[in-house]
Each structure stands twice: as C-alpha cells, then as structure tokens.
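K.L.:
Quick one: the structure is below, questions incoming.
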Amino acid sequence: MLPKDIFEIVEADFANRDWAIPKFANCRMRAEEHCYHKKRNPTIYQIYDEIKRITNCPGDVLNRYLEKEVRTEKQFLCARKSMLAFFNSIKDKKEIYLISDMYLTADILDDVLHACGYSGYKEIYVSCEHGCSKNDGLFEEFISEGKNRQGAIHIGDNENSDGKSAEDAGLDSFLI
C-alpha cells in the first residue's frame, strides 16, 4: 500500500547477507527526504546516490538494492482492472499521455506499465525527469511542449495534484 512497504521487503530479503545495509527501509526514506530538500523531485538514481553518501556503502551493493527495489515494485504493482479496461477502450481513439509524480524514471515506469498490460500511450511525463511536480509546473510544462489541452482530461486519484493542479493548468480532471 505504501512505498515503505517495498523498502521493508527489500530490507527483509537482504537482511541475512553480510553486506546488508542496516535498517535499509529507514535509510531509504531518509535519503529520499534529503533529496527532496536538496533537489525537487529526485530520480531513484539520485536517491541511491544519497544512500551512498549517508552509508558509504559500495556501489555494487547499492546496485543490488536498487535492482531489487525496482524488481519488487514490478512484482507488487498491478493495474486497476476497471482503469485498464477504460484505457484500452479509448487508446485507439485518443492520444494518451501519462503524467506522474514519481521517483521512478519513465523507462522504468514504461516497463512496469507494460507488465501491467498498458501499451499504446504516446509518452510518460514523470516529475523526477522534469524537475517539477504536478503541483508546481509539470502540467504547464506538458502544455508548453505543444500538447493540445483542448478536449484533454487528466484522470487521477489525488484531489490536489490530479484535480486542482490539473484544472489550474487549464485541463479538465476526473478523480477516481
């Protein structure tokens, strides 16, 4: 249900290794928090650079953790069946762009989405690659890149970032 759940699973999977990072889940959350204070909307790679700074852990060990985190995300993320059915019913009729506030990069999200059955969208806009969230300019950046907001609707589950911020940028929104 929560990102911390993924970090705790990763921690548990590596707990008995002699190279394990003690209290990894807490370290992972602290590193992400530090990144948000230093740079808005960090990528997962920037978060792991911060873990390296905090722990002085060797790069090969951090790569194991990073790869395990991504694999675990892919393992546990799943499509909402009704949303996937809706997506598939319109993808041949509308251009679909995916806009997300997330530390996973577009290439990682693309893999996750394909594993969940999503295909046929034009592009993924993710906050960590654009340096701004939905609340502070991601929608405006999307529109400024020439995307037509006429007839566009943003669908999401957060009243503020998916609803109010989309509407403030001139997009219709629908909350699920």
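K.L.:
In the range 119-176, how many residues are more than 25 Å from ILE108 (Cα to Cα) and either without any contact (Cβ under 8 Å) to a residue 12 or more places away in the chain or acidic (Asp, Glu) (or both)?
P.N.:
Number satisfying all stated conditions: 8.
K.L.:
Can I ask one more? Please determine, by comparing only the residues of the range 81-110 that are touching a residue at least 40 places away in the same chain (Cβ under 8 Å) and touching a helix residue (DSSP H, G or I) at 6+ places or on another chain (Cβ under 9 Å), which one is surrounded by the most Cβ atoms within 10 Å (Cβ to Cβ).
P.N.:
Top of the filtered list is ILE99.
K.L.:
Regarding the range 137-145, can at least one residue be identified that is among the hydroxyl-bearing types (Ser, Thr, Tyr) and open to solvent by less than 40 Å² (accessible area, probe 1.4 Å)?
P.N.:
No: the range 137-145 contains no residue that is among the hydroxyl-bearing types (Ser, Thr, Tyr) and open to solvent by less than 40 Å² (accessible area, probe 1.4 Å).
K.L.:
Moving on to the next point. Is it true that CYS132 is closer than 27 Å to SER165 by Cα and exposed (fewer than 15 other Cβ atoms within 10 Å of the Cβ)?
P.N.:
no
K.L.:
Where the second residue is among the charged types (D, E, K, R) and part of a helix (DSSP H, G or I) and the first is under 15 Å from ASP101 (Cβ atoms) and lies in the range 27-46, which pairs have Cβ atoms under 6 Å and are six or more apart or on separate chains?
P.N.:
From residues that are under 15 Å from ASP101 (Cβ atoms), the pairs are CYS35/GLU50.
K.L.:
Name the single residue that is nearest to ASP18 (Cα to Cα) among those in the range 32-48 being within 14 Å of the chain's Cα centre (by Cα) and not in a helix (DSSP H, G or I).
P.N.:
THR43
K.L.:
Let me ask something else about it. Suppose we filter the range 35-49 for residues that are more than 16 Å from LEU104 (Cβ to Cβ) and either open to solvent by less than 20 Å² (accessible area, probe 1.4 Å) or modelled with pLDDT of 95 or more (or both); how many remain?
P.N.:
Number of matching residues: 0.
K.L.:
Restricting attention to the range 1-25, report how many residues are part of a helix (DSSP H, G or I) and either touching a Lys or Arg at 6+ places or on another chain (Cβ under 8 Å) or surrounded by 14 or more Cβ atoms within 10 Å (Cβ to Cβ) (or both).
P.N.:
Total meeting the criteria: 11.
K.L.:
Identify all residues within the range 81-111 that are more than 15 Å from GLY156 (Cβ to Cβ), more than 10 Å from the chain's Cα centre (by Cα) and of a type in the set (Gly, Ala, Ser); write none if there are none.
P.N.:
Hits for the range 81-111 are ALA85, SER89.
K.L.:
With GLU167, GLU141, GLU129 as the choices, which residue is in contact with a Cys (Cβ under 7 Å, 6 or more places away or on another chain) and of a type outside the set (Phe, Trp, Tyr)?
P.N.:
GLU141
K.L.:
Next up: Inside the range 53-72, can you point out the residues that are charged (D, E, K, R) and in contact with a helix residue (DSSP H, G or I) (Cβ under 6 Å, 6 or more places away or on another chain)?
P.N.:
LYS68, GLU69 - these are the residues of the range 53-72 that are charged (D, E, K, R) and in contact with a helix residue (DSSP H, G or I) (Cβ under 6 Å, 6 or more places away or on another chain).
The values are calculated or read from the model by the stated rules, or taken from the named source; none is laboratory data. Nothing here was measured: the structure is a model prediction, and the numbers come from that model. Every residue, glycine as well, gets a Cβ built from its backbone with ideal geometry; the counts of neighbours run over all protein chains shown. The protein model used for the area step is the full one, side chains on, heavy atoms only, and it has no ligands, DNA or RNA in it. Shrake-Rupley method; radii C 1.70, N 1.55, O 1.52, S 1.80 Å.
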